[in-house]
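The values are calculated or read from the model by the stated rules, or taken from the named source; none is laboratory data. Note that this is a predicted model, so its numbers are computed, not measured. When we count neighbours, we look across all protein chains shown, and the Cβ atoms used for this are built from the backbone with ideal geometry, even at glycine.
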Amino acid sequence: MGAEGVTARDRFPLHLFDNLAEPKPDPRLAENAAEAFPARFLGMSAKTGMATDQAKLLRHLLAVSGVCGLVAPGWLLSIFGAVGIGVFALMILYRLGLVLFGPSSVHLLTNPASLSLLLPTYTILIALKDEAACMPQLANSLMSLEYPRRLLDVKLLLEEGDHDTKNAIHEQIWPEGTELLVLPPGQPQTKPRALNYGLARARGAFVTVYDAEDRPNPGQLMEAARRFAWDPQLACVQAPLSGNVRGGGWLSRHWALEYAIQFNRMMPALARLRMPIPLGGTSNHFRKAALQAVGGWDAWNVTEDADLGLRFARLGKKVDVIAPPTVETPPQQLDVWVGQRSRWLKGFIQTWLVLMRYPSTAIKEMGVLGFISMQLTLGASILSALVHLPWLVWCAVCLLVPDANMGSVSLGMLAASYAVGVIAALTVPTSSFAVRLRDILTIPFYWPLQFFALMRALYSLSRRPHFWVKTPHDMDA
């Protein structure tokens with residue numbers, strides 16, 4: 001609905017709404033969307049969960065740790081402490097290096113006059129579920145793209161039974177040739193399954209993914225097309241995601257700050273170093289041939305974006321970044337934030353377990369440095385979510401109990417961790433330094449929230465590993 005209940009259908013002639021095609025659902029395509037990747041790339045799908053050897057190794061480690069804890073608890077704690085300090089020192093130093101190395105020329109807009117470009121058809125895949133409220137904004141964003149509309153191939157991917165979203169779609173004007181693809185019933189009911197279904201019908205030489213609430217920069221597709229034309233070896237480019245915090249609270253500002261650091265510092269640095277890049281869930285642009293060559297998305301992984309980015313690295317495909325951003329709406333409520341973060345962490349664990357099924361193979365494919373980088377980015381995201389709250393609690397205990405002593409090494413590591421967080425926060429753009437300073441001072445209370453999301457992720461991974469937690473969007477934000 002538009003203002004005061006007025007829809008696009010009320011404002012424009014009816015014949016403008018006749019360009020929305022709606023092919024019949026194809027059960028064969030839906031089955032391939034779920035099963036083709038696991039069948040083609042054995043061992044790279046999250047469908048089978050933890051491998052037998054991994055489960056056996058975990059049980060042995062727990063058993064040995066339990067025995068050592070009974071026989072020589074001091075020795076065991078010393079080993080854990082030394083290993084932990086070493087791992088966290090590497091994580092902190094690597095993150096600092098990426099933050100300082102972040103800005104690069106590859107993140108600047110290319111000169112429109114520098115390339116002679118015959119524009120190809122561009123496919124836009126948008127997976128929808130309970131997104132009726134987002135349809136007016138989404139239609140307006142697509143119609144505002146600075147790319148010839150006759151060359152846009154928009155696929156609106158909808159789960160069966162979502163009648164409200166379907167009705168809202170028919171109330172809007174879409175680029176000519178847009179298809180509304182309703183997926184047949186099937187499992188898993190995830191975003192990557194829907195994307196694979198749309199990819200099978202894609203007509204474009206290039207493919208991008210947007211979410212319903214996205215507001216992409218109008219020049220983003222054109223910039224991606226220029227980059228692909230400039231570098232024939234390029235398989236994917238990631239546009240930065242930016243949180244719209246207008247009227248948002250403390251939680252949404254910290255979420256947006258995380259995004260700013262990740263997409264404006266970390267990813268550009270990883271791209272410059274040619275290290276594996278866990279992609280964002282939206283605004284990644286692909287050369288379709290390269291995307292198909294790596295099997296598309298894993299329908300059984302709930303962070304199909306990170307999984308795909310690391311699979312590109314394993315299979316020798318080049319990934320880079322571009323500058324025109326996409327604006328997203330941050331979560332405003334804690335329960336929404338925890339739900340979204342738990343899905344991210346569950347997917348990170350799925351992706352890490354897939355990579356660690358055959359570590360020697362992953363090292364050969366990524367290279368030693370690439371494999372280490374993966375551990376210090378993807379692995380660090382999981383590990384940091386586990387330790388921040390216990391670390392904060394132990395700090396509080398040490399302050400309140402005179403006999404408790406944190407130790408100079410642990411205190412130094414904690415100070416270094418937050419110092420890097422402060423440096424990272426100060427290096428990204430902001431409209432208000434006063435607000436940024438206030439958020440920086442409360443970082444120690446934001447990071448520990450990830451612990452609750454991780455506990456929920458682990459529970460979900462054990463009970464419903466492929467369940468997709470839908471993030472509701474507040475379009476009034």
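Just to verify a result, which residue in the range 442-457, among those that are aliphatic (A, V, I, L, M) and modelled with pLDDT of 95 or more, is surrounded by the fewest Cβ atoms within 10 Å (Cβ to Cβ)? Going through the qualifying residues, I end up with 455. Might you check whether a residue that is farther than 26 Å from residue 270 by Cα, at pLDDT 80 or above, of a type outside the set (Gly, Ala, Ser) and under 25 Å from the mean Cα position of the chain (by Cα) occurs anywhere in the range 65-77? No, the conditions are met nowhere in the range 65-77.
Scan the range 309-318 residue by residue and report those that are in a helix (DSSP H, G or I) and not charged (D, E, K, R). Walk me through how you get there before you give the answer.
So the first thing to find is which residues in the range 309-318 are in a helix (DSSP H, G or I), and the list is 309-314.
309, 310, 312, 313 - these are the residues of the range 309-318 that are in a helix (DSSP H, G or I) and not charged (D, E, K, R).
Please determine, by comparing only the residues of the range 228-257 that are farther than 29 Å from residue 337 by Cα and buried (at least 20 other Cβ atoms within 10 Å of the Cβ), which one is nearest to the chain's Cα centre (by Cα).
Going through the range 228-257, the residues farther than 29 Å from residue 337 by Cα turn out to be 228-235.
If we keep only those that are buried (at least 20 other Cβ atoms within 10 Å of the Cβ) as well, we get 228, 235.
Values: 228: 22, 235: 18 Å.
Here the residue is 235.
To keep it simple, each residue is scored yes or no on (1) under 30 Å from residue 212 (Cα atoms); (2) in a helix (DSSP H, G or I); (3) not hydroxyl-bearing (Ser, Thr, Tyr).
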| site | (1), (2), (3) |
| --- | --- |
| 331 | yes, no, yes |
| 338 | yes, yes, yes |
| 346 | yes, yes, yes |
| 350 | yes, yes, yes |
| 363 | no, yes, yes |
| 377 | yes, yes, no |
| 399 | no, yes, yes |
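Residues that are farther than 17 Å from residue 214 by Cα: list the strands (runs of 3 or more DSSP E) wholly contained in the range 122-200 that include at least 2 such residues.
Numbers: elements: 122-128, 152-159, 179-183.
Answer list for the range 122-200: 152-159, 179-183.
The residues on offer are 186, 161, and the sole one that is touching a helix residue (DSSP H, G or I) at 6+ places or on another chain (Cβ under 6 Å) and among the small types (Gly, Ala, Ser) is 186. Against the definition (of a type in the set (Asp, Glu), surrounded by 20 or more Cβ atoms within 10 Å (Cβ to Cβ), under 13 Å from the mean Cα position of the chain (by Cα) and in the same structural domain as residue 142 (by TED's automatic domain parsing)), how does residue 320 come out, yes or no? So residue 320 fails the test.
On the given criteria, is residue 306 under 21 Å from residue 217 (Cα atoms), in a helix (DSSP H, G or I) and touching a Pro at 6+ places or on another chain (Cβ under 8 Å)?
Numbers: under 21 Å from residue 217 (Cα atoms): no; in a helix (DSSP H, G or I): yes; touching a Pro at 6+ places or on another chain (Cβ under 8 Å): yes.
Here the answer is no, as residue 306 does not meet what is asked.
Taken together, the criteria exclude residue 279 from residues that are crowded, with 22+ Cβ neighbours inside 10 Å, assigned to a helix (DSSP H, G or I) and either touching a residue at least 40 places away in the same chain (Cβ under 8 Å) or not assigned by TED's automatic domain parsing to the domain that holds residue 206 (or both). Among the residues in the range 202-211, are any surrounded by 18 or more Cβ atoms within 10 Å (Cβ to Cβ), modelled with pLDDT of 95 or more, in contact with a Leu (Cβ under 7 Å, 6 or more places away or on another chain) and more than 24 Å from residue 147 (Cα to Cα)? Within the range 202-211, none of the residues are surrounded by 18 or more Cβ atoms within 10 Å (Cβ to Cβ), modelled with pLDDT of 95 or more, in contact with a Leu (Cβ under 7 Å, 6 or more places away or on another chain) and more than 24 Å from residue 147 (Cα to Cα). Under the condition of being touching a Gly at 6+ places or on another chain (Cβ under 8 Å) and farther than 24 Å from residue 340 by Cα, the residues counted in the range 169-215 number 2.
A quick yes/no check of all residues on (1) touching a residue at least 12 places away in the same chain (Cβ under 8 Å); (2) assigned by TED's automatic domain parsing to the domain that holds residue 254; (3) among the basic types (Lys, Arg); (4) closer than 22 Å to residue 319 by Cβ:
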{"position": "367", "(1), (2), (3), (4)": "no, no, no, yes"}
{"position": "378", "(1), (2), (3), (4)": "yes, no, no, yes"}
{"position": "381", "(1), (2), (3), (4)": "yes, no, no, yes"}
{"position": "397", "(1), (2), (3), (4)": "no, no, no, no"}
{"position": "413", "(1), (2), (3), (4)": "yes, no, no, no"}
{"position": "417", "(1), (2), (3), (4)": "yes, no, no, no"}
{"position": "446", "(1), (2), (3), (4)": "yes, no, no, no"}
{"position": "449", "(1), (2), (3), (4)": "yes, no, no, no"}
